[in-house]
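Undergrad: The following block contains the structure, expressed as structure tokens.
The values are calculated or read from the model by the stated rules, or taken from the named source; none is laboratory data. Computed from a predicted model, the values in this text were never measured in an experiment. Neighbour counts are summed over all protein chains in view; Cβ atoms, including those assigned to glycine, are modelled from backbone coordinates with ideal geometry.
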Amino acid sequence: MNQAPLPAGPPARFRSTVHGTVFAGRDRHLDALNPGDSLVLLPDPSDGGHSAVWVHLPDGDPVGYLPPEIGGWLGPWLRAGGRTRATALRVGNDRVPSWRRLVVDVRCLAGDGQASSQLTRSPTP
């Protein structure tokens with residue numbers, strides 16, 4: 001599948017919190033996660049009715065999802081052939097509010113697999 005062009009407007013690199021880390025026992029995976037660890041972003045299927053983008057460990061275990069305002073554009077882009085490189089930036093424990101326990105750095109990749117050179121924005125803390 002050819003690499004989909006990044007939609008106009010969204011950043012090619014951004015930082016985001018990961019939501020839903022405390023549901024369905026997903027928080028147990030945070031203990032083994034460290035800043036700098038690679039993560040995998042997977043969109044919900046297009047027939048799912050929404051554009052959630054799930055954050056998974058490389059072995060496949062889900063740890064949460066990106067905020068809806070990001071999933072709304074990133075999910076369709078990923079389903080159209082877009083690729084990302086995601087890494088953990090900050091990993092908190094149960095003393096940190098659940099919606100701030102995991103912060104990720106996401107790079108939308110160009111067709112050659114290299115990170116895009118577009119400017120970076122941080123839509124969420």
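Undergrad: Pairs please, first residue from the range 52-63 and within 20 Å of Trp77 (Cβ to Cβ), second anywhere and of a type in the set (Lys, Arg) and at pLDDT below 95, Cβ atoms under 7 Å, 6+ apart in sequence or on different chains.
TA: Close Cβ pairs (under 7 Å, with a partner that is of a type in the set (Lys, Arg) and at pLDDT below 95) amount to Pro62/Arg26.
Undergrad: Name the single residue that is farthest from Ser38 (Cα to Cα) among those in the range 87-108 being of a type in the set (A, V, I, L, M) and more than 13 Å from the chain's Cα centre (by Cα).
TA: It comes out as Val96.
Undergrad: Then there's this: Give the range 38-70 a look and list any residue that's charged (D, E, K, R) and surrounded by 15 or more Cβ atoms within 10 Å (Cβ to Cβ), or say none.
TA: Scanning the range 38-70 gives a single hit, Asp44.
Undergrad: Quick check: is even one residue across the range 92-112 more than 20 Å from His56 (Cα to Cα), modelled with pLDDT under 65 and either surrounded by fewer than 19 Cβ atoms within 10 Å (Cβ to Cβ) or touching a strand residue (DSSP E or B) at 6+ places or on another chain (Cβ under 9 Å) (or both)?
TA: Yes, the conditions are met somewhere in the range 92-112.
Undergrad: Follow-up. Given (1) surrounded by 17 or more Cβ atoms within 10 Å (Cβ to Cβ); (2) over 21 Å from Leu109 (Cβ atoms), where does Ala32 come up short, assuming only one miss?
TA: Of the numbered conditions (1) surrounded by 17 or more Cβ atoms within 10 Å (Cβ to Cβ); (2) over 21 Å from Leu109 (Cβ atoms), the odd one out for Ala32 is (1).
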